Structures are given as C-alpha cells and as structure tokens.
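Down below is the structure, laid out as structure tokens.
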Ligand code: HEM
C-alpha cells in the first residue's frame, strides 16, 4: 500500500508540474487553432492519469491510516495536538481540495471545452461557444496554479508525517 501510495504521489505531482510548467507555457506560444487541438489531446491523457492517481492516493492513504491504527485519532480533535497528525491532516485536506478542483476541471473539459456543435448550429452558437471556451480556459489556467500548490502541500505533508 505504501509503495502504491508513493508511486501515485510521484505520478500526480509529476503530471501537475508538467501541465503547469511545461505544457501551459508551450500552448501560449503556438497559434490558437493548433493549441486548442494539442490541449484537447494531451489534456485528455493528463486528466486520466491525474484522476487515477488521485483515486489511488485516496484508497491507499485511507487503507494505510487504518492499517497503522491512526483512523480513530484522525477523526478526533486530538488530531491537531500531535505534529505528525497535523502533517497528515494537511495531506488529506490538500487531497480533498485536489479531488474537488480535479472534478470541476474534468466536468468543464467534457461539457464546455470539448463540446461539439450540431450540424444546424449557426454563427451565433459558434461565437457563443468560443466565448464560453475562452472564459473556461482562463479558469483552467488559474486552477492549474492552485493544483500545483495543493500537490506540493500534500507531498510536503506526507514527507513530514513520515519523518
Ligand atoms: C495528493 C495527495 C497525496 C500525496 C501527494 C501524498 C503523498 C505522500 C507522501 C510523499 C508520503 C510519504 C511516504 C513515505 O515516506 O512513507 C505519504 C505518506 C502517507 N500518506 Fe499520503 N499523500 C496524499 C494523500 C493521502 C491521503 C488522502 C491519505 C489518507 C486519507 C494519505 C495517507 C498517508 C499516510 C497514512 C502516510 C504515512 C506513510 C505510510 O504509509 O507509512 N495520503 N503521502
């Protein structure tokens, strides 16, 4: 469980870093029509990878807490009195927030960013969709920086809790 937890953490933190530090700046440097296609194709892969890592981290993390006998302590007010439990709480809180931002991102990706128009759609619908996609893309960019902060905090919590 510990092995899977650590590998999943490596994959998640790596994917979030790659997205924010390599992919996003590269997309800003290529023409919009090309960047939309590249973002769609790579975005889908990153979404699957990140989603799988977040689920694995939750499953293995809670199982580790249970195996170590920490679950009752984590659910009581004692949690904030012991340093290593405070680090564990930081890891779990960051994970929960990442779960929320990841779900929001995936929902936007499916419902707005990759939405197809019907054949009967006119210029107005096309323009509306383009405006909606531009607005959501701006938020996706902000979310990427939030995700990077959360992933770094979660890894810090894990490292400090185990040392
Ligand atoms: C983004 C999410 C997370 C990241 C990046 C992360 C990262 C880490 C890291 C780097 C360690 C140190 C591993 C070691 O040296 O043994 C660790 C340990 C640990 N994590 Fe997480 N973690 C995350 C989510 C969670 C969640 C949701 C839970 C529980 C609900 C959890 C429970 C634990 C426990 C109990 C340990 C102690 C190490 C052990 O298994 O002995 N983690 N985590």
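The values are calculated or read from the model by the stated rules, or taken from the named source; none is laboratory data. Keep in mind that what you see is a predicted model, and the values were worked out from it rather than measured. Heads up, the Cβs are rebuilt from the backbone with ideal geometry, glycines too, and the neighbour counts pull from every protein chain shown.
Structure notes:
- Boolean, residue 96 is over 30 Å from residue 32 (Cα atoms) and either within 14 Å of the chain's Cα centre (by Cα) or surrounded by fewer than 12 Cβ atoms within 10 Å (Cβ to Cβ) (or both): yes
- Annotation: of all residues in the stretch 40-79 being more than 16 Å from the ligand (Cβ to nearest atom) and either under 18 Å from residue 94 (Cα atoms) or touching a residue at least 40 places away in the same chain (Cβ under 8 Å) (or both), the one that is surrounded by the most Cβ atoms within 10 Å (Cβ to Cβ) is 43.
- Residue 106 fulfils the conditions (1) part of a helix (DSSP H, G or I); (2) more than 10 Å from the ligand (Cβ to nearest atom); (3) without any contact (Cβ under 8 Å) to a residue 24 or more places away in the chain except for a single criterion, (3).
- Flag for residue 13 being modelled with pLDDT of 95 or more and in a helix (DSSP H, G or I): yes
- Filtering the stretch 137-163 to residues that are modelled with pLDDT under 95, in a helix (DSSP H, G or I) and within 13 Å of the ligand (Cβ to nearest atom) leaves 161, 162.
- The stretch 110-127, subset assigned to a loop (DSSP other than H, G, I, E, B) and more than 16 Å from residue 36 (Cα to Cα), residue modelled with the highest pLDDT: 122
- Matching option when the condition is farther than 17 Å from residue 19 by Cα and either buried (at least 17 other Cβ atoms within 10 Å of the Cβ) or in contact with a strand residue (DSSP E or B) (Cβ under 8 Å, 6 or more places away or on another chain) (or both), among 102, 157: 157
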